[in-house]
Amino acid sequence: GAVVSQHPSRVICKSGTSVKIECRSLDFQATTMFWYRQFPKQSLMLMATSNEGSKATYEQGVEKDKFLINHASLTLSTLTVTSAHPEDSSFYICSASTSGGADTQYFGPGTRLTVL
Amino acid sequence: AQTVTQSQPEMSVQEAETVTLSCTYDTSESDYYLFWYKQPPSRQMILVIRQEAYKQQNATENRFSVNFQKAAKSFSLKISDSQLGDAAMYFCAYSAHINAGNNRKLIWGLGTSLAVNP
């Protein structure tokens, strides 16, 4: 149980284009989903927290207009990187939790984004 | 502000031996959760073990156990009978309240890279 999928696993795009990453909880309903960014050999950096049906809460320093998050259902959240630039290249990981994060977060396998 | 400190950037252990990874945290909360996650080279973050602060009993999951010292704010992970597949980055995390509601977020340590030698 508690499986989270993420799609795509890898994406390469040109500078200036937008990229959408999907995060799905496959066998449970996720009240809250989280989006992280991870640089090589570093810890996870929380970008935003999203509750189903409401606007995402972004961490300080994360541009809301650049990283659009939608959590339209209890099993799906999406992260759209708009007008991507090479500095947005990174490993993006989502996680899902059943009770506002008070319960355990279960993680997706991550998405490697490369912006040329 | 809550912080999590992992003082050992790298550790190594011989196969079948026991290793302990340290983690300390700082908080003014009395009710919280602590986690150890494992991130192997695949980069899939895997839950290893979870501890509720109100429980005095140390959590155990097969070969993995914790030594939770609430007063000292210490949460170390012991891996017994180490296996080659245990080689990974291990992250300690604290579940912190975001606001007055039920929402929480994880505060992460910097990680400990564990090598298992055959």
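The values are calculated or read from the model by the stated rules, or taken from the named source; none is laboratory data. Owing to the predicted nature of the structure, the values given are computational and were not obtained by experimental measurement. Every residue, glycine among them, receives a Cβ derived from its backbone with ideal geometry; neighbour counts consider all protein chains shown.
Within the option set A:LEU74, A:LEU79, being modelled with pLDDT under 95 and out of contact with any Lys or Arg (no Cβ under 6 Å at 6 or more places or on another chain) holds for one residue only, A:LEU74. Restricting the search to strands (runs of 3 or more DSSP E) fully inside segment A:1-86 and requiring at least 1 residues that are within 13 Å of another protein chain (Cβ to nearest Cβ) and basic (Lys, Arg) gives A:10-13, A:32-38. Residues in segment B:60-96 that are surrounded by 15 or more Cβ atoms within 10 Å (Cβ to Cβ), more than 10 Å from the chain's Cα centre (by Cα) and within 14 Å of chain A (Cβ to nearest Cβ): B:ALA88, B:MET89, B:SER95, B:ALA96.
Among the residues of segment A:87-96, those that are facing chain B (nearest Cβ under 8 Å) and touching a residue at least 60 places away in the same chain (Cβ under 8 Å) comprise A:ILE93, A:SER95. Just one residue in the set B:GLN57, B:GLN39 is more than 12 Å from chain A (Cβ to nearest Cβ) and farther than 18 Å from A:SER97 by Cα; that residue is B:GLN57.
For B:SER12, state whether it is outside any strand (DSSP E or B), out of contact with any Phe, Trp or Tyr (no Cβ under 8 Å at 6 or more places or on another chain) and of a type in the set (S, T, N, Q). In short, no. Residues that are under 17 Å from A:GLY110 (Cβ atoms) and touching a residue at least 12 places away in the same chain (Cβ under 8 Å) do occur in segment A:63-71, at least one of them.
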